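For reference, the structure is listed below as C-alpha cells.
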Amino acid sequence: MTTDIEKKGPDGAVPPSGPEAIKAIPVRHFGRYISAVVAIAAFAAIVYAFAQGNINWDAIPGYFFDDRIIEGVGQTLLLTILSMAIGIVGGILLAVMRLSKNPVTSSIAWFYIWFFRGTPVLVQLFVWFNLGLVFEYINLGPFYKDEWSDFMTPFLTALLGLGLNEAAYMAEICRAGLLAVDEGQTEAAHALGMSHGKTLRRIVIPQAMRVIVPPTGNEVINMLKTTSLVAAVQYYELLRNAQDIGQTSGAPVEMLFLAATWYLIMTSVLSVGQYYLERYYARGSSRSLPATPWQKVKTHLMSFSSRQGGKA
C-alpha cells in the first residue's frame, strides 16, 4: 500500500510540478543604435550636400550611352582581358620558376617580382611611354625594325605596363596556391611514373585552383579599375573619353560621375561571376555549397509566404 504525500510550500500553496520557465531578457545594444543613427545621418548629409551642389544631373543620362562612352567601355574591357591574360600566364611561369630548384631561374623570378611589385604601376607606364627618348629604333634583326615611337603605341604601352606588373602579383598568388597542395600528392604522382610537368597539369594545379581563384577574381576587378591610369599615356579608354566629353560639354564633374557609374556596373558583374567561379571550385572542399543569391531570394520569399499563410 502506497501513500501519496502532497508537498506544500510555506504558505500552503502547491508548487508547480515542472521547473519554472526561464524568462529571457534581451540585451540592449545601445552602441549599435547610436552607430546606426550616426551612419544614417552622415549618409543623409552627404546626399543632401550633393543634391544642393551645382551639378547638372541631367547631363549624365544624356551621355550615358554616347558612342564615345560605349567605345571607352569596350576598350577598358579589352585591355582588362588582355592584361590579365598576360598576368596569369606570366604569373604561372614565374611561380614555377620561383619554386624551381635551379638557383638561376629562381633568382630571376625573385628579381622580377621584387622590381615590378616595388615600383608604382603609373611610373612603369611612364617609363614604357618615354623609352623613345632612350632608344630611337627597335631592331629585332631580320624579323622587325622600326622607330620606337611608331612601335610603342599607347595601346602597347598600356598592355605592357599593366600586364607585366600584374604578372608579378599573380606569381605570388600562384605560388601560394601551389604550396597549398600537400607534397604527398606530388610524391604519389611521381611514384606512379608521372613526369613533373604532367604532375603539375593533372594533379597540383587543379587542386591549387581553389586557393588561386578567389584572389585572382579580386585582381581582375582591381585590373578593371587600374586601366583608368592609362589615360595618362594617351590611351582612349572609358576615363579618357569621359574627360574629353566633359571638356567639350562643360560638365567635367558630371562625366566623372558617369564614368564611376560604368565602373560600378562592370565591377558588379565581375563580382557575380567571381562568386559562381569560387562556388564551382569549392565543390570538393565543402560538404554543402553556399546558397546562390537567387536561392537566398527564393528562401526569403518562401519563408515570407509561409508566415503570411500561418497568419491567415
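The values are calculated or read from the model by the stated rules, or taken from the named source; none is laboratory data. Please read all numbers here as calculations on a predicted model, not as lab measurements. Here the Cβ positions follow ideal geometry from the backbone for every residue, glycine too, while neighbour counts run over all protein chains shown. Note: accessible area is taken over every heavy atom of the protein model, side chains too, but ligands, DNA and RNA are not part of it. Shrake-Rupley method; radii C 1.70, N 1.55, O 1.52, S 1.80 Å.
For this structure, a couple of remarks:
- Think of a 1.4 Å ball rolled over the protein heavy atoms: the range 147-267 then has 45 Å² of accessible area per residue.
- Spatial separation of Cα centroids for the range 24-51 and the range 197-230, in angstrom: 38 Å
- Rounded to the nearest 20, the size of the Cβ-charge dipole of the range 76-283 about its Cα centre is 760 debye, with Lys and Arg at +1 and Asp and Glu at -1.
- The accessible surface of the range 76-283, taken with every protein chain in place and a 1.4 Å probe, is 66 percent carbon and sulfur.
- Cα-based shape type of the range 30-182, given that a ≥ b ≥ c are square roots of the gyration tensor eigenvalues and the cut on a/c is 1.5: oblate
- If the convex hull is drawn through the Cα atoms of the range 146-228, its volume per residue in Å³: 106 Å³
- The Cα atoms of the range 121-162 define a convex hull whose projected area, averaged across directions, is 2.9 nm².
- Scoring 47-53, 167-173 by mean Cβ neighbours within 10 Å over their residues and listing the highest first yields 167-173, 47-53.
- Segments 191-199, 235-243, 26-34 sorted - mean Cβ within 10 Å per residue, highest first: 235-243, 191-199, 26-34
- Three-way shape call for the range 76-283 based on the alpha-carbon gyration tensor, with the a/c threshold at 1.5: oblate
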